[in-house]
2 protein chains.
Amino acid sequence: MTERDMPTPPWERARRRPTRARVPLTRERIVDAAFVVLDQEGLDGLSMRRVASELGVTVSALYAHVDNKNELLELMYHRLFDGFELPEHDPEHWQEQLKNFARESRARMQHHRDMARISMGQTPFSPELLPHVERLLALLRATGLPDRVAAIAGDMLSTYIDGFVAEETIWRERYEGEDVKSWSEIRDEMKAYFGALPPDRFPNMLAVANLMVDETNDYRFELGLDIILRGLASYVEEPPDAS
Amino acid sequence: MTERDMPTPPWERARRRPTRARVPLTRERIVDAAFVVLDQEGLDGLSMRRVASELGVTVSALYAHVDNKNELLELMYHRLFDGFELPEHDPEHWQEQLKNFARESRARMQHHRDMARISMGQTPFSPELLPHVERLLALLRATGLPDRVAAIAGDMLSTYIDGFVAEETIWRERYEGEDVKSWSEIRDEMKAYFGALPPDRFPNMLAVANLMVDETNDYRFELGLDIILRGLASYVEEPPDAS
DNA sequence: TTCTATCATCGAACGGCGTTCGTTGAAAAC
DNA sequence: GTTTTCAACGAACGCCGTTCGATGATAGAA
């Protein structure tokens, strides 16, 4: 006679009915769910509770696989580099190679909402990411750049890319709550705002306002990239003396 | 000199009515207290409750003077530019002028903990800050740079500065909880970490690791600055065609 | 002086957050 | 068949930003 045959007392009826997860929880599945939440709610809406509910699981279940939220963000950051192949260094076309690296980085970050903000809080020096850094360094050192320049150039580029995409994000999300406005409508508002400035006090703003508003983000990104690469190129084969 | 004749930015909601002078609590005092909290607890510890307690006041009292936490951060950002004078443009020394602008920006952000992280979430296009942007644009347009380059150069520089200081902050705070370690101790640990990499797979990392670890932040900042300015200079008086 | 209207501040509450911890029950190991 | 293990649970803790009705001091009117 086991307790199995006994009836269940009514006060216990609401007891747990633990439908064991058909698919076991893993770090990978948690990161997958985190990206779903990130894309839907943005970084500010990315909470452990929300990720858990996405998986049909309790919050605390996550903590068996992930130390804390920071580690989850770290894992998401690592995803950025999954299958991110850098080419063999080709001293003839190093500038274009670096530009392609930057473009690919930007594209990957744009693929998930607020990804740039996550990226800015991380460094690529974990063991999993060091191979990527090594490949980038190989590209940089094959250019003829002095090592001390090559050593910081990767960091500079990443800072530029992160900052640029983060800024894109800010503008996109600034207009989020409001009615669906087209980008051209937003541009017109900005033009009107800048155009209404007193001309005697803001001659330079007025002179470039349309340029600032009209140029696409793609154009701005490429131009900034070109500025950095021209600056780098100026160090090739030259005994450098910064400042 | 008033802000009254300035247009309202389109993204801005209706601002609060100005507070009466007779009450002891003011926006200024709230911002002062917020900086005290920021320096003591960092951005993550900067809560409305903590600011209120710093003033010996209830949380909700703050909301009579400040719409929300975001507005408080905005006001703190504005403080960055208080008394930030840019020189008259001098076409002979524009590179040094821009470098001094960058150095001053970095120094101001370093003056308050996590200030760079606050700065990264803001734009300087509010009416109060536009005069500063105008002065910077004046510097940039006096260089002989094409307008389309001048229009994005200020943004680029600010992105670089914000990103650089934010990264400095990350490293500083990464070692915060631990026992007081000297920077040289931290450097040694990093050198040991990089030095233990397998030489066949990480030849480039090993070649520049010491450079990456040993150079001071000041040196790195100056070098990055110089790279950007050389890139900008390459556009002077040249019909530009970005990539 | 007394009354009244204003308004800065209070105190409690709401819903949400990251994280911890003792409990539980199904599967794995024996 | 028994024991062990351990992933998931659920409740709780102490935070957070923000809201709202109550309170009480004060300035101006009578």
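Listed by first and then second residue, the pairs linking a residue in the range A:67-85 that is within 8 Å of DNA strand C (Cβ to nearest atom) and modelled with pLDDT of 95 or more to a residue that is open to solvent by less than 30 Å² (accessible area, probe 1.4 Å) and assigned to a loop (DSSP other than H, G, I, E, B), with Cβ atoms under 7 Å apart and 6 or more places separating them unless they lie on different chains, are A:L72/A:V66.
Within the range A:173-188, how many residues turn out to be at pLDDT 85 or above and open to solvent by 60 Å² or more (accessible area, probe 1.4 Å)? Total satisfying the criteria: 3. The residues of the range B:47-70 that are surrounded by 14 or more Cβ atoms within 10 Å (Cβ to Cβ) and within 14 Å of chain A (Cβ to nearest Cβ) amount to a single one, B:K69. Applying the condition of being of a type in the set (D, E, K, R) and within 7 Å of another protein chain (Cβ to nearest Cβ) to the range B:216-241 and asking which residue is surrounded by the fewest Cβ atoms within 10 Å (Cβ to Cβ) yields B:E222.
For the range A:119-139, give me each residue that is closer than 15 Å to A:H89 by Cα and at the interface with another protein chain (Cβ under 8 Å from one of its Cβ atoms).
Restricting attention to the range A:119-139, the residues satisfying the condition of being closer than 15 Å to A:H89 by Cα are A:131-139.
The answer is A:P131, A:V133, A:E134, A:L137, A:A138.
Is it true that some residue in the range B:72-91 is within 14 Å of another protein chain (Cβ to nearest Cβ), part of a helix (DSSP H, G or I), open to solvent by 20 Å² or more (accessible area, probe 1.4 Å) and within 16 Å of DNA strand D (Cβ to nearest atom)? Checking the range B:72-91: at least one residue is within 14 Å of another protein chain (Cβ to nearest Cβ), part of a helix (DSSP H, G or I), open to solvent by 20 Å² or more (accessible area, probe 1.4 Å) and within 16 Å of DNA strand D (Cβ to nearest atom). For the criterion of being over 29 Å from B:N210 (Cα atoms) and touching a residue at least 12 places away in the same chain (Cβ under 8 Å), A:R113 passes.
Scanning the range A:109-161 for residues that are open to solvent by 10 Å² or more (accessible area, probe 1.4 Å) and hydroxyl-bearing (S, T, Y) returns A:T123, A:S126, A:T143, A:S158, A:T159, A:Y160. Applying a threshold of 6 Å to beta carbon distances and a minimum spacing of six or more residues, or different chains, the list of pairs starting in the range A:45-56 at a residue that is closer than 15 Å to A:L73 by Cα and ending at one that is more than 9 Å from DNA strand D (Cβ to nearest atom) and open to solvent by less than 30 Å² (accessible area, probe 1.4 Å) reads A:L46/A:V37; A:L46/A:L38; A:R50/A:V37; A:V51/A:A33; A:V51/A:A34; A:V51/A:V37.
Being within 11 Å of DNA strand D (Cβ to nearest atom) and modelled with pLDDT of 95 or more is the requirement here; does B:N100 meet it?
Details: within 11 Å of DNA strand D (Cβ to nearest atom): no; modelled with pLDDT of 95 or more: yes.
No: the conditions fail for B:N100.
Among the residues of the range B:36-54, those that are under 18 Å from B:H65 (Cβ atoms) and within 10 Å of DNA strand D (Cβ to nearest atom) comprise B:V37, B:L46, B:S47, B:M48, B:R49, B:R50, B:V51, B:A52, B:S53.
The values are calculated or read from the model by the stated rules, or taken from the named source; none is laboratory data. Everything quoted here is computed from the prediction, not taken from an experiment. Using ideal geometry, Cβ is built from the backbone for each residue, glycine included, and neighbour counts are taken over all protein chains shown. Quick note on the areas: whole protein, heavy atoms, side chains included, nothing else; ligands and nucleic acids left out. Shrake-Rupley method; radii C 1.70, N 1.55, O 1.52, S 1.80 Å.
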